[in-house]
Amino acid sequence: MVKTHFSELQKKILKLAGKEGAISTQMVVEKLHTSPVTASRNLIKLKQGGYLGQKGMGRGTFYIPAIGTQLKELEDLKQELDSYRPFPEPLVEKIDAMLSTRFIYATRSIEGATLPLRETALILAGASVKGNREEIADVLHQEKTLELVTDFVKNRRELSEDFIKELQKEVTSNVLDIMLNGVYRDHEAGIAKSTRLFPGPGEIRKRMAALVTTISRLETKAMYPAIIAAYAHYQFLAIHPFADGNGRTARLLMNAILLKHHFPITIIESGKRQQYYQALQKADEGAYEIFEAFAFSAIKESLEFYLKLVRP
């Protein structure tokens with residue numbers, strides 16, 4: 001990577017790329033209020049310097065933070081967080097409660113739920129809330145699934161297909177036919193308004209077994225946890241093994257891996273729903289790095305959030 005002096009605009013571009021995961025020339029123009037020529041020129045300079053990667057051509061071009069740069073940022077933040085351990089137990093409980101509430105609100109909102117964050121927090125605190133009973137019940141179900149993840153970490157369980165089935169079963173236990181909870185789908189599945197199909201029912205068991213084996217192998221090789229978590233998240237969704245609850249299960253699976261390695265709960269904010277889906281679509285089209293960069297940016301935000309609360 002070539003060392004360079006960043007202009008103020010280049011600093012803003014790098015910050016935007018780190019926040020968004022993937023950016024385009026048009027996004028830089030709109031968010032940083034500059035001209036297309038200036039945006040394009042500076043994006044190219046940052047790419048040539050090794051600070052941004054490029055995917056696609058023409059109007060389909062996206063720029064992502066260089067993976068090495070992102071991983072270095074994550075490693076630095078994680079090392080700083082670890083330097084403050086052990087944390088006072090009351091502080092841990094407070095921060096974990098805040099992150100859990102935000103996670104449950106966000107993961108439900110991504111799937112179309114409309115219950116606001118404030119009401120979600122009140123329900124989780126045991127308060128009585130007026131509103132749709134099904135939504136209220138679902139918040140409590142999602143709390144149980146998150147407890148499954150924390151118990152998985154606390155009891156040092158090995159990742160398995162059975163554990164993933166447990167997660168999906170709890171995620172969907174109040175909205176799906178009981179005969180389908182924790183059971184791989186027996187029908188074809190695809191994406192709405194797309195010709196793409198997920199693996200057929202006959203392929204799911206083999207693909208899921210391979211996924212679990214690969215995750216275990218990556219952990220044995222001491223691969224950086226953020227890389228494993230992003231890989232597990234995307235590959236699980238690419239298989240789409242269940243009739244329902246795949247998105248929520250994928251986000252829980254990612255966090256099971258991160259929490260196991262002492263990262264804070266990572267949240268894909270509801271306001272980034274479209275970016276999340278676009279990153280997944282780009283990965284489906286062969287640009288997996290765009291999704292990986294998006295996942296890394298979410299992990300970074302959670303680390304930064306935790307650090308703000310524990311720094312002296």
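Largest mean-square fluctuation among G190, G58, G21, in a Gaussian network model of the chain whose springs join Cα atoms under 10 Å apart, belongs to G58.
Using a 7 Å offset from Cα along Cα-Cβ at F87, what residues in the range 275-312 end up with backbone N under 15 Å from the label point? The answer is 300-312. Taking a ≥ b ≥ c as the square roots of the eigenvalues of the Cα gyration tensor, the range 8-65 is rounded, since a/c falls below 1.5. Ranking P36, V183, V171 by Cα position along the charge dipole of the chain, where only Lys, Arg, Asp and Glu carry charges on their C-beta atoms, puts P36 farthest toward the positive end. Each residue of the range 26-31 is assigned a 3J(HN,Hα), and the resulting list reads 4, 5, 4, 4, 6, 8 Hz, derived from the Karplus form 6.51 cos²θ - 1.76 cosθ + 1.60 (θ = phi - 60°), x at Gly and Pro.
Each of A106, S83, I64 was placed along the dipole of the range 1-130 (beta-carbon charges, centred on the mean Cα), and the one lying farthest toward the positive end is I64.
How do R248, R85 rank when sorted from fewest to most other Cβ atoms within 10 Å of their own Cβ?
Values: R248 22, R85 9.
By the 10 Å Cβ count, ascending, the order reads R85, R248.
Annotation: peptides 258-270, 300-312, ranked by per-residue average of other Cβ atoms within 10 Å with the highest first, follow the order 258-270, 300-312. Which of L253, L91, L81 moves most in a GNM of the chain, Cα contacts under 10 Å? Answer for the Gaussian network model of the chain: L91. Taken one residue at a time, the phi angles of the range 96-113 give Karplus couplings (6.51, -1.76, 1.60, θ = phi - 60°) of 4, 5, 5, 5, 4, 4, 5, 5, 4, 4, 5, 5, 6, 5, 4, 8, x, 5 Hz. Gly and Pro are set to x. Mean-square fluctuations from a GNM of the chain, with a 10 angstrom spring cutoff on Cα atoms, peak among R102, R196, R185 at R196. Between the amide H of G53 and those of I64, A66, distances stay under 5 Å, these residues lying 5 or more places away or on another chain, with hydrogens modeled in the peptide plane. Sequence-ordered 3J(HN,Hα) estimates for the range 268-276 from the Karplus curve with 6.51, -1.76 and 1.60 and θ = phi - 60° stand at 8, 4, 4, x, 9, 3, 5, 4, 4 Hz, glycine and proline given as x.
How big is the dipole moment of the range 1-117 about its Cα centre under a simple scheme where the beta carbon of each Lys and Arg is +1, that of each Asp and Glu is -1, and everything else is neutral? Debye, nearest 20, please. List each step's numbers first, then the result.
Values: 17 positive and 12 negative charges, 141 e Å.
Roughly 680 debye, rounded to the nearest 20.
Diffusion coefficient (Stokes-Einstein, Kirkwood radius over C-alpha pairs, 20 °C, 1.002 mPa s) for the chain: 103 µm²/s, rounded to a whole number. Counted by neighbouring Cβ atoms within 10 Å, the residues F294, F87 run from fewest to most as F87, F294. Of the cross-linked pairs K55/K78; K19/K282; K94/K300; K154/K206, which ones have a Cα-Cα span greater than 24 Å in the structure shown? Among K55/K78; K19/K282; K94/K300; K154/K206, the Cα-Cα distance tops 24 Å for K55/K78; K154/K206.
We did not get these values from a lab; they are worked out from the coordinates using the rules stated. From a predicted model like this one, the values you see are computed outputs, not experimental measurements. Glycine gets a Cβ as well: all are built from the backbone with ideal geometry, and neighbour counts include every protein chain shown.
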